[in-house]
1. From the set of residues in segment 179-218 that are part of a loop (DSSP other than H, G, I, E, B) and touching a residue at least 60 places away in the same chain (Cβ under 8 Å), which is nearest to L6 (Cα to Cα)?
2. Inside segment 20-60, can you point out the residues that are over 17 Å from V189 (Cα atoms), of a type in the set (S, T, N, Q) and touching a helix residue (DSSP H, G or I) at 6+ places or on another chain (Cβ under 9 Å)?
3. For segment 175-193, does any single residue satisfy the condition of being under 24 Å from L83 (Cβ atoms) and either among the aliphatic types (A, V, I, L, M) or within 17 Å of the chain's Cα centre (by Cα) (or both)?
4. Of (1) part of a helix (DSSP H, G or I); (2) under 29 Å from N44 (Cα atoms), E157 satisfies all except one. Which?
5. Check whether at least one residue in segment 185-208 is modelled with pLDDT under 90, surrounded by 11 or more Cβ atoms within 10 Å (Cβ to Cβ) and of a type in the set (K, R), and report yes or no.
6. Quickly run through segment 4-19 and pick out the residues that are touching a helix residue (DSSP H, G or I) at 6+ places or on another chain (Cβ under 6 Å) and more than 30 Å from G208 (Cβ to Cβ).
7. Out of the residues in segment 165-178 meeting the condition of being in contact (Cβ under 8 Å) with a residue 24 or more places away in the chain and part of a helix (DSSP H, G or I), tell me which one is surrounded by the fewest Cβ atoms within 10 Å (Cβ to Cβ).
8. All but one of (1) surrounded by fewer than 16 Cβ atoms within 10 Å (Cβ to Cβ); (2) in a helix (DSSP H, G or I); (3) at pLDDT 90 or above; (4) of a type in the set (A, V, I, L, M, F, W, C) hold for L121; state the number of the condition that does not hold.
Amino acid sequence: MAFGWLSGAAGDIAHGAATTILLIVVTTLAGTVLSILGAAGRRNGPVLLKRAIASYVEVMRNTPFLVQLFFIFFGLPSLGVRLDPVLAAMLAMTLNMAAYTIEIVGAGLDAVPGGQTEAALALGLRPRQVFIKIVLPQALKVIYPALTSQIVIMMLESAVVSQIAVRELTYEADMLQARTFRSFETYFVVTLVYLAMSMGLRRLLVTGGRRALGAGVT
């Protein structure tokens, strides 16, 4: 094994890691918001909205992420919608993550006793206030470990977007091994980078969750 090439490749690896982090930050924020709206709509919305959300979840959860990515990047241009590779990756990742987290958030909402909602309404709070201030914080605390795991999984799945030439970590690794012919060493280093990013992201999410949701978040 030889790692002499690593010093000259550090910049490319750092650039790829930064792009991966950008993708997961955007995906986490947008996907979490969509999942909360979707879970709430699936339980309290009109019948047509409930069916639309259920259909969306079924389609996204039962088709490969790679196919979804290709449909957005290669398929939508046939309809006149052309997206930059990074935007296409963000959209595909967000839609995929939201489909899974809608179910996770929904489980948390179902875990909150209905009596709390009834009591809050009896005290004069509006339904929106009850959901935001009482139901949602408790639901997020219940499902936070599962939500954290899904975010980490989505970050690891971001390696797939290298297939549409997004210059994230896996793409940079592919380019490096093609130039250096050091496949084992390249992917060994990138594996360690992914491992460090996953562990760091999980710890960051747990720390942030404890500050936002209180003790008990793991």
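The values are calculated or read from the model by the stated rules, or taken from the named source; none is laboratory data. Because the structure is a prediction, the values reported are computed rather than measured. Ideal geometry is used to build each Cβ from the backbone, glycine not excepted, and the neighbour counts take in all protein chains shown.
1. Within segment 179-218, the match that is nearest to L6 (Cα to Cα) is R182.
2. Selection gives T27, T28, T32, S35, N44.
3. Yes, that holds for at least one residue.
4. (2)
5. Among the residues of segment 185-208, not one is modelled with pLDDT under 90, surrounded by 11 or more Cβ atoms within 10 Å (Cβ to Cβ) and of a type in the set (K, R), which makes the answer no.
6. Within segment 4-19, W5, A9 meet the criteria.
7. M175
8. Against the list (1) surrounded by fewer than 16 Cβ atoms within 10 Å (Cβ to Cβ); (2) in a helix (DSSP H, G or I); (3) at pLDDT 90 or above; (4) of a type in the set (A, V, I, L, M, F, W, C), L121 comes up short only on (3).
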